[in-house]
Amino acid sequence: MVFSATQSVLGLASGMLVGFSLGLVGGGGSILAVPLMVYVVGVPQPHVAIGTSAIAVAANAAINLSNHARGGTVIWSCALVFALSGMFGAFGGSILGKMLDGQKLLALFSVVMLVIAGLMLKTRARVGLTDVKISMSNMPAIIGLGLATGTMSGFFGIGGGFLIVPALMLATGMPIMNAVSSSLVAVTAFGVTTALSYAWSGLVSWGLAGLFVAGGIAGGLLGTRSARHLSERRGALNIVFAAVIIVVAIYMLLRNINVS
């Protein structure tokens, strides 16, 4: 695909927005990237937009992960086990997604997101356990929620960050800053799994993916710094995270109603 100068600039700007979202709340990458590629940049084929966004989101998530890792906020033991179990779930979810009516379940997914946002607001003042480690007591929850989150991620074709962050908090009791940082391990893993499938089918625009990644580097740095600043104010990052979820969930719900 050949892009004009205007489309290239829009690609960079869109990548910055995706990177900022991933750096700030650990999610929103795929949910933002696909509409931006189709409606802002002007990618004519939705499947190419999905495949390209998977590459871009995985790369941006990995870059943002390195930013958070330098700050020492990633809890690797929990994140790696969660991501590994989630990859198995994502594989199964992608198969299931081809068999069932996705529009009806997409509406249900948006309702689930609203419930999650409500829970995040309810527990916004909770400090969390900063010394969380994987253990025999929390491992079943980490594996189980990883499988469930990965399944939903694979089914809906999204990175799953909006589900991974609260799932990690629920499974381990870690603070939201650690959950945002650790979630990027799973977002990267899920994105790579999806990207490999689409790249094998030739449904990736590598030039556009490069523009998104380049823009995402700048956006990710700003998002990471904003996340650290907000995490110092009790409940502020939870409120921002919940607000983003609510906006995206309402958009998804309205879009599904319009389609149906």
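Computed 3J(HN,Hα) for segment 241-255, one whole-Hz value per residue from the Karplus formula 6.51 cos²θ - 1.76 cosθ + 1.60 where θ = phi - 60°, is 4, 5, 5, 5, 4, 4, 4, 5, 5, 5, 4, 4, 5, 5, 5, glycine and proline marked x.
Full extension of the segment from Gln45 to Leu221, taken as 0.36 nm per residue of separation minus the current Cα-Cα distance, would add 60.3 nm. Segment 27-67 and segment 147-210 have Cα centres lying 12 Å from one another. Given R0 = 22 Å, the distance between the Cβ atoms of Val115 and Leu84 translates into a calculated FRET efficiency of 0.25. Residues in segment 165-179 carry Karplus couplings, in order, of 4, x, 5, 5, 5, 5, 6, 10, x, 5, x, 5, 4, 5, 5 Hz; the curve used is 6.51 cos²θ - 1.76 cosθ + 1.60 with θ = phi - 60°, and Gly or Pro positions show x.
Only the coordinates and a few stated rules stand behind these numbers; no lab work does. This is a predicted model, so every value here is computed, not measured. Methodologically, a virtual Cβ is constructed for each residue, glycine included, from the backbone with ideal geometry; neighbour enumeration extends over all protein chains shown.
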